[in-house]
């Protein structure tokens, strides 16, 4: 693999700087209802006695309440129309890529998310142009412990070992037990891509010190995850 090239010219670096999307981890809530889009008013609750089926749209509200480690205390919300490009091509597409078949199954899950631009722009009262964003889901977790562990893995392992859940079925030091918890999350995330799993394990010293993709513990976790 070719070595990554870095510029020694700060002016050039500043001229080509980009903002990396922030990643958040938290618990997901979902709400949905049928509505009608009324010009000048916005969304109005759909009433079968007043509105035709062809007028009906589906309003989806997603809320992600971050875990403390994410560094953002307030819940994040996005409300959109399910029959829109931002839902179909970004948010729902990212959930389907994670194996979700019904949006109701996301309620109560923990997730890793980013804000993705929708391509739609709007202007603030101050006249500043902004680009609208929506949720893009990168991973889903069944428990808060798994979510916290995933955060720790992505941030260099700087988190305490989860204090709840199934006891870690390994012996040895506390460091190895923590590494196993990290490994479990990675296996659940990359269970369908062994090459990606091997690469990710090797890239995290806290895990690769104890385990590889071919370790018995990893193979056992893969069997359970399949």
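Quick note: the coordinates plus some simple rules give every number you see, no bench work behind them. Owing to the predicted nature of the structure, the values given are computational and were not obtained by experimental measurement. Cβ: placed from backbone, ideal geometry, glycine included. Neighbour counts: every protein chain shown.
Numbers at a glance
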| item | result |
| --- | --- |
| Per-bin percent of Cα-Cα distances, the chain [10 Å] | 7, 25, 28, 22, 12, 5, 1 |
| The chain: angle of helix 144-154 to the longest principal axis, Cα-based, in degrees nearest 10 | 70 degrees |
| Expected 222 nm ellipticity per residue - DSSP helices of 4 or more, -39500 (n - 2.57), all of the chain, to 500 | -8000 deg cm²/dmol |
| Distance (nanometres) between label positions extended 7 Å along Cα→Cβ at residue 51 and residue 193 | 3.9 nm |
| Degrees between helix 194-203 axis and first principal axis of the chain (Cα, 0 to 90, nearest 10) | 70 degrees |
| Cα→Cβ-extended label distance, 7 Å offset, between residue 69 and residue 9, nm | 4.1 nm |
| FRET efficiency, 1/(1 + (r/R0)^6) with R0 22 Å, evaluated for residue 143 and residue 226 via beta carbons | 0.70 |
| Efficiency of FRET from Cβ geometry, residue 120 and residue 219, R₀ 41 Å, rounded to 0.05 | 0.35 |
| Peptides 208-218, 31-41 ordered by average Cβ neighbours within 10 Å, highest first | 208-218, 31-41 |
| Fewest-first sequence of 24, 115 by Cβ atoms within 10 Å of each Cβ | 115, 24 |
| Residues 48, 70, sorted so that the one with the fewest Cβ neighbours within 10 Å comes first | 48, 70 |
| Helix 216-225 axis, angle to the chain major axis (alpha carbon atoms, nearest 10°) | 20 degrees |
| Proxy reagent accessibility, fewest Cβ within 10 Å first, across 109, 191, 61 | 61, 191, 109 |
| Full-extension gain in nm, residue 133 to residue 23, via 0.36 nm per residue minus C-alpha separation | 38.3 nm |
